[in-house]
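The structure under discussion appears below in the form of structure tokens.
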Amino acid sequence: MFSLTVRDRMMVAHSLADPFFGAAQRLHGATYVVELTLWADRLDQHGVVADLGVVASGLRAVLAGLELRNLDDEPSLAGVLTTTEVLAREVADRCAARLAVGPHVTEVEAVLRESDVAWASYRRPAREA
Ligand SMILES: Nc1nc2c(c(=O)[nH]1)N=C([C@H](O)[C@H](O)COP(=O)(O)OP(=O)(O)OP(=O)(O)O)CN2
């Protein structure tokens with residue numbers, strides 16, 4: 001299996017409205033290092049999983065739709081606990097919808113690193129069945 005990964009960052013504000021999260025129920029900020037990986041069972045005719053510039057631009061565009069915002073105010077995330085896991089799924093879903101990848105690309109994974117010691121990820125099929 002081949003993979004291609006690009007990395008970017010996004011800064012957000014949010015609160016986690018569940019007593020489970022203790023002090024993080026209050027509004028706080030997070031800067032995530034975001035890694036997007038495309039998985040492919042073979043390479044295309046150019047010997048790549050995908051053009052890394054195109055993938056990096058796609059990830060940037062997706063993060064631009066989330067960053068420097070209070071996620072509590074985002075209509076598309078209304079009522080959602082925006083944990084690192086949930087945001088990883090959101091990024092992966094949006095990237096899968098945005099990137100026009102070839103049929104050899106089978107899966108898309110987003111890893112959100114909240115710090116150097118904690119991160120979460122979501123891996124999904126590259127396209128809807
Ligand atoms: N699995 C997850 N756990 C937690 C997440 C998350 O996104 N996924 N998020 C948070 C908070 O938003 C924040 O990142 C950390 O808050 P904090 O109160 O410091 O939580 P900790 O568990 O690290 O520390 P404690 O003080 O021991 O609660 C929390 N968890």
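Across region 82-97, what is the number of residues that are in contact (Cβ under 8 Å) with a residue 40 or more places away in the chain and over 24 Å from residue 13 (Cβ atoms)?
From region 82-97, those in contact (Cβ under 8 Å) with a residue 40 or more places away in the chain are 82-84, 87, 91-92, 95; that's our starting set.
Okay, now just the ones that are also over 24 Å from residue 13 (Cβ atoms), so none.
Selection size over region 82-97: 0.
Within region 110-129, restricting attention to residues that are under 12 Å from residue 95 (Cα atoms) and in a loop (DSSP other than H, G, I, E, B), the residue that is farthest from the ligand (Cβ to nearest atom) is 127. Listed by first and then second residue, the pairs with beta-carbon distance under 6 Å, at least 6 apart or on different chains, first residue in region 48-72 and within 14 Å of residue 36 (Cβ to Cβ), second part of a loop (DSSP other than H, G, I, E, B), are 50/101; 58/99.
Can we say residue 127 is within 13 Å of the chain's Cα centre (by Cα) and charged (D, E, K, R)? Considered against the rule, which asks whether it is within 13 Å of the chain's Cα centre (by Cα) and charged (D, E, K, R), residue 127 comes out as no. As a summary of the residue check, residue 23 satisfies the conditions (1) surrounded by 19 or more Cβ atoms within 10 Å (Cβ to Cβ); (2) hydrophobic (A, V, I, L, M, F, W, C); (3) within 14 Å of the ligand (Cβ to nearest atom) except for the one numbered (1).
Among 7, 42, which is in contact with an Asp or Glu (Cβ under 7 Å, 6 or more places away or on another chain), of a type outside the set (Val, Ile, Thr) and exposed (fewer than 15 other Cβ atoms within 10 Å of the Cβ)? Let's see the steps before the verdict.
Details: 42 fails: in contact with an Asp or Glu (Cβ under 7 Å, 6 or more places away or on another chain).
Result of the check over 7, 42: 7.
Residue pairs whose Cβ atoms lie under 9 Å apart, separated by 6 or more positions or on different chains, with the first residue in region 15-36 and free of Cβ contacts under 8 Å to residues at least 24 places away in the same chain and the second assigned to a helix (DSSP H, G or I) and within 10 Å of the ligand (Cβ to nearest atom), are 19/25.
Where a number appears in this text, it was derived from the coordinates with a stated rule and is not lab data. Keep in mind that what you see is a predicted model, and the values were worked out from it rather than measured. No Cβ is skipped: glycine too gets one built from the backbone with ideal geometry, and neighbour counts run over all protein chains shown.
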